[in-house]
Structure formats: structure tokens, C-alpha cells
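FYI, it's all coordinate maths here, none of it is from the lab. What you see is a predicted model; the values in this text were computed from it and never measured. Note that we place each Cβ from the backbone using ideal geometry, even for glycine, and neighbour counts take in every protein chain shown.
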Amino acid sequence: MKAFLQGFVYAARGIAAGSRGRNFRVMLLAAVVITGLGCWLEITSGQWLALILSMGLVLALELVNTAGEMLVDILSPEHDPRYGQVKDVLAGAVLAAAVATAVVGVVVFGGVLRLRFGG
């Protein structure tokens, strides 16, 4: 049981290390704003589910991206275009999830705003 609980400590340290990056902090701020907007507009549980899963995916992928970039920097401190491609693909995964999350946000909040304020 102790080893199981220690895994949470390691994970928390990983999140702390990954959250130092500017992109993670920007995405976390966006998640906080979206959460506040969802509370204010009293969205449904299904809408919450879509938003939470989307935001969680973006934040998780940003941590994976950060870990991948750290690993590439360790393996190749000098510039190598192949490693640059690895970083680009990692960043592309985050971008794809962020765009999908933005679409989810538009669908959720666009529908709620249309119902509440007409249009």
C-alpha cells in the first residue's frame, strides 16, 4: 500500500515539474476561466463532462509534451533536425487537442448562450 501511495507523490512531483512551463500555465488559466464560465452559465452535467474531459486531455498532453522536450534536450543538447521533428510532433498533439477543446467550448457555450440570451 505504501508503494501505491508513493506513486501519487511521484505523480504530483511530475505535475509540479511540468506545470512550470508557460504553455501549461496559460492552458491552466484557460481551464479556470472556462470553469468559471460554466458555473456562471449553470451548464448541464453532460456539458461539464465534455469540457472536463477536453481540458484534462489538453493539460495531460501538455505534460507529455514537456516530458518529451526534456528528454530530447537530454539526449541531444546540440541541435539535430530529427529531434526538432520529435518536438514538433509533440507540440502538434497538444495543438490538435486544444483545437478540439475549443470546438467543444464553442458548441457547449454557444448553445447555452443562444438558449439564455436568444439568437
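Data for the structure
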| item | result |
| --- | --- |
| The range 2-117, Rg to Rh (Cα coordinates; Rh as Kirkwood inverse mean 1/r) | 1.08 |
| Net charge over other residues, Cβ less than 15 angstrom from the Cβ of Gly84 (K, R count +1; D, E count -1) | -3 |
| Fewest-first ranking of Trp48, Trp40, using other Cβ atoms within 10 Å as the exposure measure | Trp40, Trp48 |
| Expected 222 nm ellipticity per residue - DSSP helices of 4 or more, -39500 (n - 2.57), all of the chain, to 500 | -31500 deg cm²/dmol |
| Fluctuation leader among Leu95, Leu37, Leu59 - the chain, Gaussian network, Cα springs under 10 angstrom | Leu37 |
| Relative contact order (percent, whole number), the range 2-117, Cα cutoff 8 Å, 6+ residue spacing | 31 percent |
| Cα→Cβ-extended label distance, 7 Å offset, between Ile52 and Val106, nm | 2.6 nm |
